[in-house]
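Written below as structure tokens is the structure these notes are about.
The values are calculated or read from the model by the stated rules, or taken from the named source; none is laboratory data. Predicted, not measured: the structure shown is a model, and the values here were computed from it. Cβ sites come from the backbone with ideal geometry, for glycine too, and all protein chains shown count toward neighbours. Surface areas here come from the heavy atoms of the whole protein model, side chains and all, with no ligands, DNA or RNA. Shrake-Rupley method; radii C 1.70, N 1.55, O 1.52, S 1.80 Å.
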Amino acid sequence: MDAGTIQSFDPSADANSFRGALGSFVTGVTVITTDSPDGPVAMVANSFASVSLDPPLVLWSPAKSSKRFEHFAGSRRFAVHVLSADQRDVCAAIIASKTAIAKVPMHLSHCGMPLIEGALATFECSLEATHDAGDHVIIVGRVTKAHHTGGAPLVFHAGTYGRFARQG
């Protein structure tokens, strides 16, 4: 499709076009971690957003079809990590393997939550609410502790990872 050509479609009947249209939105890349009886578990998500400053709330939306969904659906706490542009390998490893988090540079927080080292920002959360949302669940977390450093974020657009480039 040429730039500027508008394609209209019914998203209920054309999931591929709908997914392509959603891919037009540039997002940051996050990794969500939690502890489990099997050890630390991680999931890559670009469905992260701030919700409220007072109280401090964030949300993310895991797919119900994910093999890791059960670990997060039942978790009372989790951490959201905003990846830096230099952490593409962390993202790839976690996508490839449920146990890859064990090989990623991390440490455990005071309460045993796996925290990835080198992330631009980390939000340690307790579960605030969940909302059914079609083939996903919206998980709202109350941020109990946050960590932040400078740097360039890893971004995702139209199925491709990249870097943010400042203009002007």
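Worth a mention:
- Trp60 falls short on exactly one of the conditions (1) open to solvent by 30 Å² or more (accessible area, probe 1.4 Å); (2) within 20 Å of His148 (Cβ to Cβ); (3) within 13 Å of the chain's Cα centre (by Cα); (4) not hydroxyl-bearing (Ser, Thr, Tyr), and that condition is (1).
- Residue in region 76-84 that is assigned to a strand (DSSP E or B), out of contact with any Pro (no Cβ under 8 Å at 6 or more places or on another chain), open to solvent by 40 Å² or more (accessible area, probe 1.4 Å) and modelled with pLDDT of 90 or more present: yes
- A residue that is at pLDDT 90 or above and either crowded, with 17+ Cβ neighbours inside 10 Å or among the acidic types (Asp, Glu) (or both) can be found somewhere in region 93-100.
- Tallying residues that are touching a residue at least 60 places away in the same chain (Cβ under 8 Å) and open to solvent by 20 Å² or more (accessible area, probe 1.4 Å) within region 109-133 yields 4.
- Scanning region 28-57 for residues that are part of a strand (DSSP E or B) and open to solvent by less than 20 Å² (accessible area, probe 1.4 Å) yields Thr30, Val31, Ile32, Thr33, Thr34, Val41, Ala42, Met43, Ala45.
- Just one of the listed residues (Phe18, Phe48, Phe78, Phe69) is aromatic (Phe, Trp, Tyr) and more than 27 Å from Phe164 (Cβ to Cβ), namely Phe69.
- Within this structure, Ile138 passes the test of being assigned to a strand (DSSP E or B) and within 17 Å of His71 (Cα to Cα).
- Filter pass, Val155 being touching a residue at least 60 places away in the same chain (Cβ under 8 Å) and more than 12 Å from Val82 (Cα to Cα): no
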